[in-house]
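*Asks:* Mind having a look at this structure? Questions to follow.
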Amino acid sequence: MTDLKNIGVLNDATPSSVFPELFPVGRKPFQWQSGLFRQLINGNSPESLSLPTATGKTYGILRCWLGALCEKPSIVPRRLAYVVNRRAVIDQVYEDALSLAEKVRESSLAEKISKAIPGASVDNPLGVYAFRGQRSLDHEWLSYPERPAILIGTVDMLGSRLLFRAYAGSGDWRRAQSAGLLGQDTWFVLDEPHLAHPFRNLLSGIKQQLSESPTPRPFWFTQIGATNRGKSSGDDKLQESLKEDENLASRLSANKRVFVSGKAINSDEFVDEVVRISSSALASGKPVSIAVIVSTVRLARSLTERLSSAKLPQNPKVVCITGAMRGVDRDSLLASQDFRDAFAASGRTRMNSAVLVGTHCLEAGFDGDFDLLVSDITSMPSVLQRLGRLNRVGEAKESEGHLFLIHDKKGEPMHVAATPTHEWLRQLEGHSQPAVLSGSYGAACGKSILAAWDNLSSGEKDRLSEPTVAHPPFQRMDAMLFSMSSSLPLASKGRTELYLHGFELPEKAETSFVWRDEAQWLQGDDLAEALLYRRPLPSELGQLSPFAAREELAAMQRRLNKQGSFDLLGKISLLDPWSGEIEAAFRRRDGKFQLRDVGEFANRIVVIPPDAGGYKDGFVDGSSPDRVEDVALPARESSLAVSYTHLTLPTIYS
């Protein structure tokens, strides 16, 4: 650990000219990236950056920050905390940050950066750390606070550290140290803030409080995304730079013909439409990359089964990714070469047609590129995110999007903003038949969906968006309570989640499933003690709503009863991730097993012996008798240390 006395005073050296060297040879920064760099070296961090998909926002943010830090270390924060509430996106940002650190370390940049930034060493000038459930946490960043560092994580993992809670079992000393380092000399960048309204307002409140009194080092906060509801003072200049950038022209003017359904349909009719549209596209014989994105796991599963058995032209491979999958299974699929060849955003060396079915986890930050998109209509920000995956890099000559309003069995929309979003999309062209929104999705023309969205008032955007989750204001007294090093009042401890996620609605509760070998021979307190030693990580867990979870367990009960495997029912347990307490999922009364009420499954982990089955093809499936692999060891293979993630459902798994 470095002695802080030896760090020295942060004085601005001669301009280092590091910024352009952070980009590959022959590739110049986009105009907006150069503009942001100039803004940062003047000590001005933008409140908001509205950047369409495929404009290199993540890639640019990392390099603008490091270049500006080298240029003006006296005013630019030493740490970049990149927050996004999507686990798959965290891995993508982490890989990009690692490649940047490797480029710096293995070139002449290391010496330039070490000279420009006091405390940065030649051997390791840039630290990169990921904070999410699957990874064993690296505390090295705390031991070397003088080293420039990129911290990438979820709202839970970085937000809890900012509030002196440090989910993942850090001791009191590390909690205080983490909060101190994140609250000073750090630039928080919140990607896709529409996914984290309460946390966005928490960061704004902290920034406001710090601005009211002198602090030794700066605390910056910027929200970035394609669907920001408000505009900051620099947004107009940013939009102008996007339009003028010839290097971005092909991406922002990519042809995307978007068809909007004229009436609402039910789920079965939607599945039929997906098969019809996919068949028509595949009939050309050319390789086609197709994405079908929907709001529920149940519908994604139905689509996957139907498309797999539909005998489509070219016999494309059908793949499904949802937030309900176990993390290790999803990560393995995303990393496979077959998946990258079929859906990668760069290169477009498509050899065979493929269909990807998914849920919200494919919206924000997913590095995919599709020729055909079929989607249900939810909120307008979600629609824009999904359309951003269509012809993302502008290399396809033709691409189509088909949007449908889906009603449930009662004839009600499946999302509160779905109907107004559908009506707004329809009136862009005013056709009574399915509208064709021709022209460019991203260009500044009257028929562009994105341009029309940008021209809406904040009030109109709110009407077409996900309702904002209620949350408490963060006041000075709250900061004092959270920072107390003595035993904190229980009321203060329990409020952490309210500042990170707000007062979430009961229907957003989740039930998780984990398959563990120890559940084969241990129950009750013995199993609780074993799980305390090997706590379940998010990467091991399958997920469902409490209602769906109970349905699958009921299906498992019927199957095991039919098999005569009554003993396995008694080995299925419910774990409270907060207290570590455990109880049987099935009560035994009058010699029979009775499944608990649905409310008892909310925000609980169902622990199942692998021999009981219940998981197949990425879905929790109570009817499946196949033995399920215990993936606890693969989830921890990066380290022998057992890290504990404070489980807050469902946000940490999305």
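The values are calculated or read from the model by the stated rules, or taken from the named source; none is laboratory data. Since we're looking at a predicted model, the values are computed, not measured. With ideal geometry, Cβ positions are generated from the backbone for all residues, glycine too; neighbour counts draw on all protein chains shown. These area figures cover heavy atoms from the full protein model, side chains too; ligands, DNA and RNA do not enter into them. Shrake-Rupley method; radii C 1.70, N 1.55, O 1.52, S 1.80 Å.
*Asks:* Can you pull out every residue in the stretch 515-553 that is open to solvent by less than 50 Å² (accessible area, probe 1.4 Å), in a helix (DSSP H, G or I) and under 17 Å from K616 (Cβ atoms)?
*Replies:* E540, A548, A549, E552, L553
*Asks:* Then there is this: Can you name every residue in the stretch 368-398 that is touching a strand residue (DSSP E or B) at 6+ places or on another chain (Cβ under 6 Å), of a type outside the set (K, R), in a loop (DSSP other than H, G, I, E, B) and crowded, with 23+ Cβ neighbours inside 10 Å?
*Replies:* Answer for the stretch 368-398, where residues must be touching a strand residue (DSSP E or B) at 6+ places or on another chain (Cβ under 6 Å), of a type outside the set (K, R), in a loop (DSSP other than H, G, I, E, B) and crowded, with 23+ Cβ neighbours inside 10 Å: just I377.
*Asks:* Of the residues L49, L80, which single one is assigned to a strand (DSSP E or B) and either modelled with pLDDT under 90 or charged (D, E, K, R) (or both)?
*Replies:* Of the residues listed, the single one that is assigned to a strand (DSSP E or B) and either modelled with pLDDT under 90 or charged (D, E, K, R) (or both) is L49.
*Asks:* For the structure I just gave you, tell me whether R27 is over 26 Å from the mean Cα position of the chain (by Cα), modelled with pLDDT of 90 or more and charged (D, E, K, R).
*Replies:* Against the criterion (over 26 Å from the mean Cα position of the chain (by Cα), modelled with pLDDT of 90 or more and charged (D, E, K, R)), R27 does not qualify.
*Asks:* Based on this model, can you work out whether F188 counts as in contact with a Ser or Thr (Cβ under 8 Å, 6 or more places away or on another chain), within 25 Å of D91 (Cα to Cα), buried (at least 19 other Cβ atoms within 10 Å of the Cβ) and at pLDDT 90 or above?
*Replies:* yes
*Asks:* Can you pull out the residues in the stretch 27-49 that are open to solvent by less than 20 Å² (accessible area, probe 1.4 Å), closer than 19 Å to R392 by Cβ and of a type outside the set (F, W, Y)?
*Replies:* If the condition is that a residue be open to solvent by less than 20 Å² (accessible area, probe 1.4 Å), closer than 19 Å to R392 by Cβ and of a type outside the set (F, W, Y), then Q33, L49 are the ones that fit.
*Asks:* Among the residues of the stretch 607-634, how many are assigned to a strand (DSSP E or B) and either of a type in the set (V, I, T) or more than 19 Å from V319 (Cβ to Cβ) (or both)?
*Replies:* Going through the stretch 607-634 one residue at a time, the tally reaches 3.
*Asks:* When both residues are 6+ apart or on different chains and their Cβ atoms are under 8 Å apart, which pairs have a first residue that lies in the stretch 569-596 and is on the phi > 0 side of the Ramachandran plot, and a second that is among the small types (G, A, S)?
*Replies:* G580/A528
*Asks:* If you don't mind, there's one more thing I want to ask. Which of the residues belonging to the stretch 238-280 are buried (at least 20 other Cβ atoms within 10 Å of the Cβ), among the aliphatic types (A, V, I, L, M) and assigned to a helix (DSSP H, G or I)?
*Replies:* L238, L242, L248, L252, V271, V274
*Asks:* Follow-up. Mind listing just one residue for me: the one in the stretch 313-340 that is on the phi < 0 side of the Ramachandran plot, over 16 Å from the mean Cα position of the chain (by Cα) and polar (S, T, N, Q) and, of those, most open to solvent (accessible area, probe 1.4 Å)?
*Replies:* The selected residue is Q337.
*Asks:* While we're here: I want to confirm something. Restricting to the stretch 390-405 and keeping residues that are touching a helix residue (DSSP H, G or I) at 6+ places or on another chain (Cβ under 7 Å) and modelled with pLDDT of 85 or more, which single residue is nearest to D96 (Cα to Cα)?
*Replies:* Within the stretch 390-405, the match that is nearest to D96 (Cα to Cα) is G401.
*Asks:* Also, I was wondering about something else. Out of all the residues in the stretch 132-153, is one or more without any contact (Cβ under 8 Å) to a residue 12 or more places away in the chain and either small (G, A, S) or open to solvent by 10 Å² or more (accessible area, probe 1.4 Å) (or both)?
*Replies:* yes
*Asks:* If a residue has to be of a type outside the set (A, V, I, L, M, F, W, C), crowded, with 19+ Cβ neighbours inside 10 Å and out of contact with any Asp or Glu (no Cβ under 8 Å at 6 or more places or on another chain) to count, how many in the stretch 59-95 make the cut?
*Replies:* Residues meeting the conditions: 5.
*Asks:* Another question, if that's okay. Which of the residues belonging to the stretch 450-477 are over 21 Å from Q209 (Cβ atoms), assigned to a helix (DSSP H, G or I) and open to solvent by 60 Å² or more (accessible area, probe 1.4 Å)?
*Replies:* Within the stretch 450-477, S458, E460, D462, R463 meet the criteria.
*Asks:* Since E600 meets every condition but one in (1) touching a residue at least 40 places away in the same chain (Cβ under 8 Å); (2) surrounded by fewer than 16 Cβ atoms within 10 Å (Cβ to Cβ); (3) more than 27 Å from the chain's Cα centre (by Cα), which condition does it not meet?
*Replies:* Condition not satisfied by E600: (1).
*Asks:* Would you tally the residues in the stretch 281-295 being open to solvent by less than 10 Å² (accessible area, probe 1.4 Å), of a type outside the set (S, T, N, Q) and either in contact with a Pro (Cβ under 9 Å, 6 or more places away or on another chain) or assigned to a strand (DSSP E or B) (or both)?
*Replies:* 5
*Asks:* When the stretch 589-630 is examined, which residues are found to be among the small types (G, A, S) and closer than 19 Å to K562 by Cα?
*Replies:* Listed by number, the residues that qualify are G591, A612, G613, G614, G622, S623, S624.
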